[in-house]
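Everything below concerns the one structure shown next.
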Amino acid sequence: MKIRGTAFKYGDNVDTDVIIPARHLNSSDHEELSKHCMEDIDKCFSDKVKEGDFIVAGSNFGCGSSREHAPIAIKAAGISCVIAYSFARIFYRNAINIGLPILECKEAVKNIDYGDELYNLNLQRANYQ
Amino acid sequence: MVSGTCWMKVPSAIRFSLTGKPQKWVGGKDIILYIIGMIGVDGACYQSMELIGEGIKHLSMDDRFTMANMTVEAGAKNGIFPVDDVTVRYIKQRAAKEYAVYKADEDAEYRNSYHIDLSAIRPTVALPHLPENIRAIDEIGDIRIDQVVIGSCTNGRTEDMRITAQILKGRKTAKGMRLIIIPATQNIYLTALKEGWIETFIRAGAVVSTPTCGPCLGGHMGILAKGEKTVATTNRNFVGRMGHPESEIYLASPAVAAATAIAGRIVNPEDVEGGL
């Protein structure tokens, strides 16, 4: 499976409260959750994101609550893969359990900027161009 | 869960050796905030934190629960204490079944070892917007507070209620202060009722709620408006967690939180005791 898309880049310690603020947790509708994904740190995210795009971030991505809504909101927004320095434990497990691809790759994080186009990401071989 | 199996990744371990006796008004919350400040919010990412040493004999079960609860805020999978007399006393009152005691192997390997002198830790507060962003109470400065929340899975236990009542007894909250107190369980609520603490809370000007996560995650009650500041005994102070993205959360112990509710700004419980 080769993927292409645009990178949305964030810093360290992106927590589950900004991935999907609790005020929206009264819905478990995936599409509704995706509309509010990242809204407290990136108001434009849900307007700009399209199928196949990436989130790229620093260390400890997904720290905080155990809410499964966080990886669900990201997946439902169309994000094909989250690439980070490292993932917080519960998010890491939730992402695998709900089927959101995640990748730890320091080199990629270092070299990718917000808005960069990524193509030919091959999750089976875990390489990218 | 569909398959009836669950995958497990075995964590490596980090050891924290605690010595000394905590100062007055320093409890589990201050110690764990201090540790998170020391190793950072990903300092124990997917690892097990073992808290050992002669210092733990000074820590009640409620202190230990608070600390174990918040090891997750350092990224840990879990936080564990060795079983001692304090644990056994607690278990004997509660265990409905036979129990077994497990302990770490003598030759267990640790990724890292730290030593912590409990007697050197001051009442500690985590400033917005990360639990690692800690300050000793003496370095806080003048921070005016709109709301205090005492409760949650982190600090809504019997001892937390007792300390809160001790500080609030015969005192009144500051003008304009919203003080919300939430016993963590119905049992704790009943104990607080029998001990007369609920009356103390209400007479001091608090609102007492049935057990709920409520304001901790901005669920309901005390949702913060733009620019508002809260001291909460909860576990996380991320952007927007308790309401508006431009509100601020300061994490502290029930003692610091109760003292703050009276003073209207973040203060050391000693200052309230001495008369403001």
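How far is it, in nm, from the label point at B:Thr5 to the one at A:Asn97 when both lie 7 Å from their Cα along the line to the Cβ? Label at B:Thr5, label at A:Asn97, 1.7 nm between them.
Calculated on the Cα set of the range A:2-122, radius of gyration then Dmax: 12.8, 38 Å.
For chain A, a Gaussian network of Cα nodes joined below 10 Å ranks A:Asp53, A:Asp12, A:Asp29 by mean-square fluctuation, and the top entry is A:Asp29. Here the simple spin-label model places points 7 Å from the Cα toward Cβ, and for A:Ile41 and B:Glu246 these points are separated by 2.0 nm. With the convex hull of its Cα atoms as the shape, the protein assembly as shown has an orientation-averaged projected area of 21.6 nm².
Normalised size of chain B, defined as Cα radius of gyration per 2.2 N^0.38 Å with N residues, equals 1.01. Of all aspartates and glutamates in the structure, the ones whose alpha carbon falls short of 14 Å from that of B:Lys175, not counting any fewer than 8 places away in one chain, are B:Asp146. Here B:Lys92 is the anchor, and the aspartates and glutamates within straight C-alpha reach of less than 14 Å, apart from those fewer than 8 places off in the same chain, are B:Asp84. Measuring between alpha carbons in the structure, the pairs from B:Lys21/B:Lys169; B:Lys9/B:Lys77; A:Lys43/B:Lys226; A:Lys43/B:Lys229; A:Lys2/A:Lys75 lying more than 19 angstrom apart are B:Lys21/B:Lys169; A:Lys43/B:Lys229.
Considering only A:Leu100, A:Gly52, A:Ile79, and ranking their Cα positions along the charge dipole of the range A:2-122 that arises from unit charges at the beta-carbon of Lys, Arg, Asp and Glu, the one farthest toward the positive end is A:Leu100. Rounded to the nearest 10 degrees, the inclination of helix B:254-263 to the longest alpha-carbon principal axis of chain B is 10 degrees.
For the pair the range A:88-123 and the range B:195-219, the centres of their Cα atoms are 42 angstrom apart.
Could you identify which residue out of B:Arg162, B:Arg241, B:Arg111 has the top mean-square fluctuation in a GNM of chain B using Cα springs shorter than 10 Å? Most flexible of the set in this elastic network: B:Arg111. Give the separation of the Cα centroids, the range B:1-67 to the range A:45-64, in Å. First find each Cα centre; the distance between them is then 30 Å.
Normalised by the number of residues in the range B:12-120, the average gap of Cα pairs under 8 Å and 6 or more apart makes the relative contact order 43 percent. Placing unit charges on the Cβ atoms of the charged side chains and taking the dipole of the range B:1-103 about its Cα centre, the candidate lying farthest along the positive direction among B:Ile80, B:Gln93, B:Trp25 is B:Gln93. Taking 19 Å as the cut-off, the amide N atoms of the range A:1-30 that come nearer than this to a point 7 Å along the Cα-to-beta-carbon line of A:Glu107 belong to A:3. Relative to the dominant Cα principal axis of chain A, helix A:89-98 is inclined by about 90°. For the range B:106-122, backbone phi angles converted through the Karplus equation (6.51, -1.76, 1.60; θ = phi - 60°) give residue-by-residue couplings of 4, 9, 4, 9, 10, 5, 7, 10, 10, 10, 10, 8, 4, 5, 8, 7, 9 Hz, Gly and Pro being listed as x.
Seen from every direction in turn and averaged, the convex hull around the alpha carbons of the range B:1-120 projects onto 9.2 nm².
DSSP bridge analysis restricted to chain B gives an antiparallel fraction near 15%, rounded to the nearest 5. Relative to the longest principal axis of the Cα atoms of chain B, the long axis of helix B:61-71 lies at roughly 80 degrees. The smallest convex shape that holds all Cα atoms of the range B:124-273, its convex hull, gives 88 Å³ per residue.
Readers should treat all values here as calculations from the given coordinates under stated rules, not as data from a laboratory. Everything numeric here is computed off the predicted structure, so don't read it as measured data. Quick reminder, even Gly has a Cβ in these numbers, built from the backbone with ideal geometry, and neighbours come from all protein chains shown.
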